Amino acid sequence: MLKEGDKAPFFSGKTESGKIISLSDFKGRKLILYFYPKDNTSGCTAEACSLRDGFSDLKDLGYSIVGVSPDSESSHVKFIEKHTLPFPLIADTDKTIAVDYGVWGEKKFMGRTYMGIIRKTFIIDENGLIQKIFDKVRTKDHAEQIMESLKQ
């Protein structure tokens, strides 16, 4: 289980545009790495749109944003276009990144148990250390939630 202060696990994945991005691309920069279950579902859309709306404020504070879900590149393209998202989404179709970050796990919904992405956000500092982990993501105002935590 990752905790604040830990070194962020290395990741490398393909974005919606087919470009490979990795943790090393953000060396010396701050990163908001957020994991979400599925493109175009209500909670995931609310979260992505909150981050979109807060993007320029977070960028002004020196943060880049990358989203990760097990959806395909083509699903990500549609999601980004539909909601005008200004940040890349990694298609973690084999769930390697999700497993490394401890967000692939057992979930329960309407009495059914299944494996899926546990919604979580990691704030990674310029040195690749986990500065903050959001286990309880407020999807509708996640950008504000992040900015509030940065002021503390």
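Listed values, structure above:
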{"read-out": "Shape category assigned to segment 76-152 from the gyration tensor of Cα positions, a/c cut at 1.5", "value": "rounded"}
{"read-out": "Residues of the chain: accessible area per residue with a 1.4 Å probe, Å²", "value": "52"}
{"read-out": "By average C-beta atoms within 10 angstrom, highest first, the peptides 52-59, 112-119, 3-10", "value": "52-59, 112-119, 3-10"}
{"read-out": "FRET efficiency estimate (nearest 0.05) - Cβ-Cβ, Leu129 to Asp94, R0 25 angstrom", "value": "0.45"}
{"read-out": "Ranked packing of 137-144, 32-39, most packed first, by mean Cβ within 10 Å", "value": "32-39, 137-144"}
{"read-out": "Added length on full extension, which subtracts the Cα-Cα distance from 0.36 nm per residue, Met1 to Gln152", "value": "52.0 nm"}
{"read-out": "Three-way shape label, segment 9-97, alpha-carbon gyration tensor, a/c 1.5", "value": "oblate"}
{"read-out": "Unit charges on C-beta of K, R, D, E only; dipole of the chain, Debye", "value": "300"}
{"read-out": "Under 18 Å from the Lys19 label point (7 Å along Cα→beta-carbon), backbone N, segment 89-110", "value": "89-92"}
{"read-out": "Value at 222 nm in deg cm²/dmol, rounded to 500, when DSSP H runs of n ≥ 4 in the chain each add -39,500 (n - 2.57)", "value": "-8000 deg cm²/dmol"}
{"read-out": "Accessible surface of the chain, 1.4 Å probe, proportion on carbon and sulfur as whole %", "value": "51"}
{"read-out": "Percent antiparallel among DSSP beta bridges (both partners in the chain, rounded to 5)", "value": "70"}
{"read-out": "Restraint check, Lys108/Lys136; Lys14/Lys136; Lys38/Lys140; Lys38/Lys120; Lys3/Lys136; Lys108/Lys140, Cα-Cα greater than 18 Å", "value": "Lys14/Lys136; Lys108/Lys140"}
{"read-out": "Contact order relative to length of segment 1-104, as percent, for alpha carbon pairs under 8 angstrom and 6 or more apart", "value": "34"}
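The values are calculated or read from the model by the stated rules, or taken from the named source; none is laboratory data. Note that the structure is a prediction, hence the values are computed from the model and not measured. For neighbour counting, all protein chains shown are included, and Cβ atoms are generated from backbone atoms with ideal geometry for every residue, glycine included. Surface areas here come from the heavy atoms of the whole protein model, side chains and all, with no ligands, DNA or RNA. Shrake-Rupley method; radii C 1.70, N 1.55, O 1.52, S 1.80 Å.
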